[in-house]
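Student: Mind having a look at this structure? Questions to follow.
The numbers here are math on the coordinates, done by the rules we state, and not lab data. Computed from a prediction, not measured in an experiment: that's the story for all the values here. Methodologically, a virtual Cβ is constructed for each residue, glycine included, from the backbone with ideal geometry; neighbour enumeration extends over all protein chains shown.
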Amino acid sequence: MSNNERVLGFDFGTTRIGVASGQAVTGTAAPLAPIAARDGIPDWTILDALIAEWQPDTLVVGLPLNMDGSISEMARRARKFANRIQDRYQRPCFLIDERLTTAEAKRIHLEAGGGTNFKLESVDGIAARLLLEDWFQSPTRIPSHTRLEDLYALGNPER
């Protein structure tokens, strides 16, 4: 990874997808406006415009695993989204375990004086920022096309 690499991070959701922009040189990210989605399918027009505007070198998608480290249905859907954006935008796309980022994003939002109506006051961008900053710190790079079953348990942490 080069130090001037621009990265977009995504916190996948079925109705909204959080987005953050970051750079490898500082290892920091900033939340952007979330993208509307319908049953996990993003508004491609908005996503196309976002990619054109930010010109990221790399894409990162959070993987919402179950707390025991097993693969959730949402993790499968997030991986499918990651594969779609990698194929559509022809940029490397990676996955990162994002357990607890939404809880942390809500805490940050509330500490900054935000309200508790998270449908009205989205924390998805903060969650995307957190997962992207975690990715910058992580030595592990998991390409989006990696089979989740090769890395994580199938509902059995003793695997």
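Student: Give me a comma-separated list of calculated 3J(HN,Hα) values for the range 31-38, in order, Karplus coefficients 6.51, -1.76, 1.60 applied at θ = phi - 60°, integers in Hz, x for any Gly or Pro.
Tutor: x, 10, 5, x, 9, 5, 9, 10
Student: Mind ranking 14-24, 84-94, 43-53 by how tightly packed they are, going by the mean number of other C-beta atoms within 10 angstrom, highest first?
Tutor: Numbers: 14-24: 20.9, 84-94: 16.9, 43-53: 13.6.
The densest-packed peptide leads the list: 14-24, 84-94, 43-53.
Student: Restricting the calculation to Cα positions, tell me the Rg (one decimal) and the Dmax (whole number) of the chain in Å.
Tutor: Rg and Dmax of the chain, Cα atoms, are 14.8, 44 Å.
Student: Would you grab the residues whose amide H sits under 5 Å from the one on residue 97? Only those 5+ places off in sequence or on another chain, please, with H modelled 1.01 Å from N.
Tutor: When sequence neighbours closer than 5 places are left aside, the close amide H contacts are 63.
Student: Further question: Within the range 84-135, report the GluC sites (Glu not before Pro) that DSSP leaves as loop and that have at most 12 other Cβ atoms within 10 Å.
Tutor: Qualifying residues, ordered by number: 121.
Student: Let me ask another. What is the dipole size for the chain, taken about its Cα centre, with +1 at each Lys and Arg Cβ and -1 at each Asp and Glu Cβ, in debye to the nearest 20?
Tutor: Once rounded to the nearest 20, the dipole reads 260 debye.
Student: Need one word for the range 50-114: rounded, prolate or oblate. Basis is the Cα gyration tensor (sqrt eigenvalues a ≥ b ≥ c); a/c below 1.5 gives rounded, then a/b vs b/c decides.
Tutor: In terms of gyration-tensor shape, oblate.
Student: Here is a further query. Report the residue, chosen from 61, 25, 123, that carries the largest GNM mean-square fluctuation when the chain is represented by alpha-carbon nodes joined by springs under 10 Å.
Tutor: Highest fluctuation of the listed residues: 25.
Student: Just want to confirm a number: the relative contact order over the chain, from Cα pairs under 8 angstrom separated by 6+ residues, in percent.
Tutor: 29 percent
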